[in-house]
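In what follows, a single structure is set out as structure tokens and then discussed.
The values are calculated or read from the model by the stated rules, or taken from the named source; none is laboratory data. None of the values given here were measured: they were computed from a predicted structure. Neighbour counts run over all protein chains shown; Cβ positions are idealised from the backbone, glycine included. Surface areas here come from the heavy atoms of the whole protein model, side chains and all, with no ligands, DNA or RNA. Shrake-Rupley method; radii C 1.70, N 1.55, O 1.52, S 1.80 Å.
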Amino acid sequence: MIEFERATKRYADGTVAVDEFSAIVPARSTTVLLGSSGSGKTTLLRMVNRMVEPTSGRVLIDDVDVATVDPVKLRRSIGYVMQNGGLLPHRRVIENIATVPRLTGVDRATAHDRALELMNLVDLDRSLARRYPHQLSGGQQQRVGVARALAADPNILLMDEPFGAVDPLVRGDLQQWLLGLQRELGKTVVFVTHDVSEALLLGDQIIVLEPGAHIAQQGTGRDILTRPANDFVRQFVGLDAGERQLHAEQVDGQTLLLDRHGRPAGLLA
Ligand code: ADP
Ligand code: MG
């Protein structure tokens, strides 16, 4: 469990990126931080692994204040998928994945064997192991980033818009793959996105953020769609514009769901 207690971050230039944010991220489920660019999502994530130190307030992992934990140890125990991949460009895929185990003293052969296993886990063909990041597609790079984050077998996985840079088809694949992985491994995942559909798909819990990481609403996707807390949430998730509204039509004995433009969205089972 991760607990934010009135966590606040004021950067040197005076910007208050996160203003007294308090929330609980339950273990072994996915919490999505959903907000527009600049709402403080990345800052919140980085307060968990001490890449950002709160100006005031605390972040606790299983009741231990992270400020009391050695930052290097802490970072090696938490998987972090950075917003722009963060792969080392001059290191081969296998070395990128094995980075943390190597730093913690695992020998090269063992770390590489484990990295190959992780490539299987994230559905990356082993033939890609010797390539450099720029020789991979966007979707493959994202998978390498996830494999690297999983390499030390952390209980906590921080994912900062991990599927932002790939086309919608690949993105859908990666999302389904993450859902499957989460069912299998049961990590405590904090997933950052500005994409409402992604949040609804992946989040056991969704925290909708306004600037300053002020919580507009916290709940399940179901709560947010059926009981939006305020106009900000209604607008953000597209309820205002009717973007989330579907209607049904009978076609040849089947119930077809259509979006507000009359485009087919799926069939009712
Ligand atoms: P998000 O990830 O939701 O886009 P960030 O946490 O990156 O939001 O940023 C929140 C706010 O803090 C923004 O206004 C951003 O410009 C500002 N900010 C982020 N990092 C820094 C920094 N190192 N120095 C000053 N301001 C920053
Ligand atoms: Mg960000």
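For the range 26-40, check the following and say yes or no: at least one residue is of a type outside the set (D, E, K, R), assigned to a helix (DSSP H, G or I) and either in contact with a helix residue (DSSP H, G or I) (Cβ under 9 Å, 6 or more places away or on another chain) or under 30 Å from Gly105 (Cβ atoms) (or both). Give the derivation first.
Going residue by residue through the range 26-40, those that are of a type outside the set (D, E, K, R) are 26-27, 29-40.
Applying the additional criterion that residues be assigned to a helix (DSSP H, G or I) yields none.
No: zero hits.
Looking only at the range 2-16, count how many residues are in contact with a Gly (Cβ under 6 Å, 6 or more places away or on another chain) and open to solvent by less than 40 Å² (accessible area, probe 1.4 Å).
Residues that pass the stated criteria total 2.
Check Gly180, Gly164 and return the single one that is small (Gly, Ala, Ser), in a helix (DSSP H, G or I) and open to solvent by 20 Å² or more (accessible area, probe 1.4 Å). Explain how you work it out, then say what you get.
Numbers: Gly164 fails: in a helix (DSSP H, G or I).
Unique residue meeting the criteria: Gly180.
Working only within the range 31-59, note down all residues that are closer than 30 Å to Glu184 by Cα, more than 14 Å from ligand 1 (Cβ to nearest atom) and open to solvent by 10 Å² or more (accessible area, probe 1.4 Å).
Residue satisfying the conditions is Arg50 alone.
Select, from Val66, Val100, Val93, Val122, the only residue that is within 19 Å of Glu3 (Cα to Cα), more than 16 Å from ligand 1 (Cβ to nearest atom), without any contact (Cβ under 8 Å) to a residue 60 or more places away in the chain and touching a helix residue (DSSP H, G or I) at 6+ places or on another chain (Cβ under 9 Å).
Details: Val100 fails: within 19 Å of Glu3 (Cα to Cα); Val93 fails: within 19 Å of Glu3 (Cα to Cα); Val122 fails: within 19 Å of Glu3 (Cα to Cα).
Matching residue, one of Val66, Val100, Val93, Val122: Val66.
Identify all residues within the range 211-235 that are open to solvent by less than 60 Å² (accessible area, probe 1.4 Å) and either part of a loop (DSSP other than H, G, I, E, B) or touching a helix residue (DSSP H, G or I) at 6+ places or on another chain (Cβ under 7 Å) (or both); write none if there are none.
Ala213, Ala216, Gln217, Thr220, Gly221, Ile224, Pro228, Asn230, Val233
Can you pull out every residue in the range 163-201 that is in contact with a Gly (Cβ under 8 Å, 6 or more places away or on another chain), within 16 Å of ligand 1 (Cβ to nearest atom) and of a type in the set (A, V, I, L, M, F, W, C)?
Ala165, Phe191, Val196, Ala199
Which of the numbered conditions does Arg108 fail, given that it passes all the others? Conditions: (1) open to solvent by less than 40 Å² (accessible area, probe 1.4 Å); (2) in contact with a helix residue (DSSP H, G or I) (Cβ under 9 Å, 6 or more places away or on another chain); (3) not hydroxyl-bearing (Ser, Thr, Tyr).
(1)
What number of residues within the range 189-210 satisfy the criterion of being part of a loop (DSSP other than H, G, I, E, B) and more than 16 Å from ligand 2 (Cβ to nearest atom)? Can you show your working first?
Residues of the range 189-210 that are part of a loop (DSSP other than H, G, I, E, B), as a first pass: 194-195, 203-204.
Of the ones still in play, those that are also more than 16 Å from ligand 2 (Cβ to nearest atom) are 203-204.
Going through the range 189-210 one residue at a time, the tally reaches 2.
Go through (1) among the small types (Gly, Ala, Ser); (2) closer than 20 Å to His90 by Cα; (3) at pLDDT below 90; (4) open to solvent by less than 30 Å² (accessible area, probe 1.4 Å) for Gly138 and report which single condition fails.
(4)
Determine whether the range 17-25 contains at least one residue that is surrounded by fewer than 17 Cβ atoms within 10 Å (Cβ to Cβ), assigned to a strand (DSSP E or B) and under 19 Å from the mean Cα position of the chain (by Cα).
Yes, because at least one residue in the range 17-25 is surrounded by fewer than 17 Cβ atoms within 10 Å (Cβ to Cβ), assigned to a strand (DSSP E or B) and under 19 Å from the mean Cα position of the chain (by Cα).
Hey, does the range 82-89 have a residue that's within 16 Å of ligand 2 (Cβ to nearest atom) and open to solvent by less than 40 Å² (accessible area, probe 1.4 Å)? Let's see the steps before the verdict.
Going through the range 82-89, the residues within 16 Å of ligand 2 (Cβ to nearest atom) turn out to be 82-86.
The next check asks that each one be open to solvent by less than 40 Å² (accessible area, probe 1.4 Å); those that pass are 85-86.
Taking every residue of the range 82-89 in turn, at least one turns out to be within 16 Å of ligand 2 (Cβ to nearest atom) and open to solvent by less than 40 Å² (accessible area, probe 1.4 Å).
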